[in-house]
Structure formats: structure tokens, C-alpha cells
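Undergrad: What follows is a structure written as C-alpha cells; I'll ask about it next.
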Amino acid sequence: MKYCFLLILILIGKGQILAQDSVTIVGYSQIVDIGKMGVTAKAMVHDIEKAQKRYVKKFQKIENKLLKKLYKIDSSRAQVLKASNRVFFGSIESSIKKASNANYFGRLDTLITGLDFLQKHSSGFSQASNSIKALSNSTKSLNEFKQKLQEGRELSALLEERKAFLKETLKGIDVSKYFKSYSKELYYLNSSIIEIKQVFREPRKAEERILFLLNQTSQFKEFLREHSELATLFRIPNDPSDPSGLSGLAGLQTRSQVAALIQQQIGPVDFQSVRQNLNEAQGQLELLKSKLSKNPDATDDLPNFKPNHQKSKNFWRRVEIGSNVQSNRGNSFFPVTSDVGLSAGYKLNDFSVVGIGSSFKLGWGEGVRNIRFSSQGVALRSFLDIKLKGSFWATGGFELNYWNRINSLSVFSNLNPWQKSGLIGVSKIVSLNSKFFKKTKVQILWDFIGKSNSPNYQPFVFRYSYNFR
């Protein structure tokens, strides 16, 4: 009787601990901006929709060009293809909405399950706050993002089928350049979806905080094991909450029984040799696994052209924001002025960046004993960086320098007083990356036109650039 009483107390205590655990998590989660997760997911949904519309238009354009050529060669076959074209592109939007599965996305699954867990315990939220509404909206946005990812994969599969249909229909007709364009755009469509998923994988403060808080409770771990998408895809071995998992093992042979059966059927087996072959096979599997981990969404089709990896990114992901510092020599220990500037570069492709910038000319005074900060003018810049090899880049640009104090904005309407500089040189990315700066460059530039019109001519310019993104 005494032991039964102790057992009941232990069970009650455990239940209270779990309940307190849950309430604590719900309480802490109120100070995290759950709504930010919904905003991020909505932005990703918009990006996927935009990519889908853009590439469907491109595929239509390719097929329209193909039809024009086909009418000149075989008008009857062109009529059949035109009817097929109308049906396919007319129903493509409704077809992709029927998508039911996609590649498993672990981070998204965990976040959706986490918000479902919080909704289940939403009674712990403060009714005076908007936490419940934000939680509901974020859950809805994440599920919509999940659906859009599935639609993106379905669109890719439909277009792949369409390409195979066109090849079969147009067999014997030389339209290879159209198929090459089709394959190219299909590659960029897949790359766009992969890029969006990669952006979502990047850690964000609100999401990381929520996941950290949820992982502090055993209740969530149990909830994740039972209700996540992964749990529906695979049965977790030895799951105590799933009796069928253990019952399914009934009647299976042990390792010794399997070994005895093999020897009985085919005679003695060199298990050492078998083990060695298995180790080699395991090594090959690990190699494939490492390649897949770098790109989990990779497809079997490799591009037959040199892809531009920047093309699958949106505009802001291709922009590099940076700062730069350049000192102009003086006759004393300190330089006369330093140019402190900001720049914005746009990645045309993986090997070239074009951009603009501006700088403020900061005066330092006349020497060690007379340090005085002052405004000495401004500069407007344009530049082009082209990758040479490794961390070396060729750099060129055109600049306008105004060497007087700016008293009014009228100086920007008349560029005659501005002194021109044409710069060309080499940049090197150095390993001084920090948490704040994403890229650090040292530049050596030659001004090949400044001598003719600048009293402050400096033939060689040493400039340090720091990119924030």
C-alpha cells in the first residue's frame, strides 16, 4: 500500500512538472516576435509565385517561337502542337495546386510543428496581447509556404514532362536550340526554388529563439515525434507510443539465424570479405551523402551550359553594400584628407560586379599639433570588378571629385568644377572577415586621367573596402 501511494505521488509530480514546463515555454514565447516568422514566410511565398509566373511566361515564349518555325516546316503537326500548348498552359495553374508531396524540409517541418504545439497550449498566452492572432497567422503563412514549395516542385515536374512530350512530337525536326533554351530555363526555375529554400534555412533571431525555447521541454520533443511530417513519413524504431512498431518485428530472424540459413543454402561464406565489400560500399554512400548535403535539392540533370548562379537570386540578394576608406597624402605626419565612402554593387554574374558609390572628404588638419576635423568635399563614383583568378579581381571606374566645402545643393547641378579621375587596378580579397564585415578588399588603383585636370593629383590610390553583405 505504501509503495502504491509513492507511485501515485511520483506520477502526479511528473504531470505537474510537464505542465509547468509547457506553461513556462508558452510564457517565454510571448516575448519572442512570433509574427516575424509569418512575415518571412509570406515574403518567401511571394518570391515563389513571382518565379513561377516569370518562368511560365518564358516557357510560353519559347514554345511560341517553336510554333512559328514549325508552321513553316509541317503545318499539320504545328496545329496539333498549338492545341496541346493551349491546353497545357491553360491548365498549368490548376494542375500545380494539386501537388501533394515534395522533398522533406526539416527546418520548416520543425517550425510548423512548434507553432502547432504552442497553439495547443495557447490558453497560457496573455489574452491582452496579440500573441494568439500572431501565432495563428504565422502558422497559416508557414503552411502556405510549404504548399508553394510543393507547387514549385510540381511545376518543375510538369515542365519536364512537357519537354519529353515535345521531343517525342517533334522527332525528326531540327529544333535543338529551342530544347536547349527550355532546359536552361528549367534549370534556373529549379535553382530559384533551391535558393528560396536556402534563404529560409538561414538563422533568424525569432525562429532560433522559438526553437531554443521549445527544445527545453520534453513535451515538445514527444509532440514532434508524434505529429511532425517526418513522423508520418517514417516510423520511428522502438517508439513506445507506437505498439505496431514493436509488433512488426515479431517473427523476424536474428543475425545468427540468418547466418546459419546462408551457410545451409550456399555453403561457407567469407564474412571478412563481405564485411570489407560492405565497408567500401558504405564509403561510396558517404561520398554521395556528402555531395547531397551540399545541395539536398540537386537533380540528376546537369546543365549543358555554364550557369549564372546569380540569376536564381532576387535583386536584393545580388546587391553588395559596402564601405571604403582612402587617404590622400599630405606634407605632414597626418594625411590632409581621407575619403570615407559607401557603395552598392550589383552582381551581374559570378565573375563581375558593377556599382556606384559616394564618399565624404574628411579633413584632418595640418599636423600632429593641429588636428582639426573639417569637411573638404565629396566624390561620386562608379566601378566595375571582374574576377581574374582566386581572390584577385581587376577593378576599374570613373570618379568625380569636388574639393571644396559644400554650401548648397547647387554644386550637384553644375559638374564643371568637379575634377575627373579614371581608375584602373587590382583588388584582392583578404582573410579579415568578421561578424560585421562579410568581405574585405585591398585595392591598388592608378589614376590615368587625373593628372591633366586635378591640382590634388595622386597617381596611385590605396583603398580599403569592407562589404556588409
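Undergrad: Using a Förster radius of 25 Å, what is the FRET efficiency between TYR346 and ILE444 based on their Cβ-Cβ separation? Nearest 0.05, please.
TA: 0.60
Undergrad: I'd like the FRET efficiency for ALA83 and SER136, computed as 1/(1 + (r/R0)^6) with the beta carbon distance as r and R0 of 30 Å, rounded to 0.05.
TA: 0.05
Undergrad: Sort 163-172, 150-159, 390-399 by the packing proxy (mean of other Cβ within 10 Å over each peptide's residues), most packed first.
TA: 150-159, 390-399, 163-172
Undergrad: With each pseudo-label sitting 7 Å past Cα toward Cβ, what's the SER323-ASN143 distance in nm, one decimal?
TA: Using points 7 Å along Cα→Cβ, the separation is 4.6 nm.
Undergrad: Note the full-extension length gain between VAL411 and GLU168 as 0.36 nm times their separation in residues minus their Cα-Cα distance, in nm to one decimal.
TA: Extra length from VAL411 to GLU168 when fully extended: 80.9 nm.
Undergrad: Which of the three applies to the stretch 17-233, rounded, prolate or oblate, going by the alpha-carbon gyration tensor with a ≥ b ≥ c and a/c under 1.5 meaning rounded?
TA: It comes out prolate by the Cα gyration axes.
Undergrad: For the pairs LYS68/LYS167; LYS97/LYS205; LYS313/LYS441; LYS171/LYS311; LYS42/LYS167; LYS311/LYS438, flag any whose C-alpha to C-alpha distance is greater than 26 Å.
TA: From the list (LYS68/LYS167; LYS97/LYS205; LYS313/LYS441; LYS171/LYS311; LYS42/LYS167; LYS311/LYS438), the Cα-Cα distance tops 26 Å for LYS97/LYS205; LYS171/LYS311; LYS42/LYS167.
Undergrad: What is the extension gain from SER100 to SER431, computed as 0.36 nm multiplied by their sequence separation minus the C-alpha to C-alpha distance, in nm to one decimal?
TA: Going from the current span to full extension adds 114.6 nm.
Undergrad: Also, quick follow-up: Starting with the highest mean, order 50-61, 202-213 by the number of other Cβ atoms within 10 Å, averaged over the residues of each peptide.
TA: Final packing ranking: 50-61, 202-213.
Undergrad: Quick one: length gained pulling LYS205 to LEU67 fully straight, 0.36 nm per residue minus the C-alpha distance?
TA: Here the segment from LYS205 to LEU67 would lengthen by 44.6 nm.
Undergrad: Consider a paramagnetic label point 7 Å from the Cα of ARG107 along Cα→Cβ; state which residues of the stretch 198-218 have an amide N under 11 Å from it.
TA: Flagged as within label range: 198-205, 207-208.
Undergrad: What FRET efficiency would be calculated for the residue pair ILE386, TYR464, taking the C-beta separation as r and a Förster radius of 22 Å, to the nearest 0.05?
TA: Step by step, r from the Cβ atoms, then E = 0.65.
Undergrad: Which entries in LYS146/LYS347; LYS146/LYS180; LYS98/LYS177; LYS50/LYS146; LYS57/LYS180 show an alpha-carbon gap greater than 26 Å?
TA: With Cα atoms farther than 26 Å apart: LYS146/LYS347; LYS146/LYS180; LYS98/LYS177.
Undergrad: I need ARG318, ARG405 ordered by Cβ neighbour count within 10 Å, fewest first.
TA: Fewest to most other Cβ atoms nearby, the residues stand as ARG405, ARG318.
Each value in this text was obtained by applying a stated rule to the coordinates, not by laboratory testing. Because the structure is a prediction, the values reported are computed rather than measured. Note that we place each Cβ from the backbone using ideal geometry, even for glycine, and neighbour counts take in every protein chain shown.
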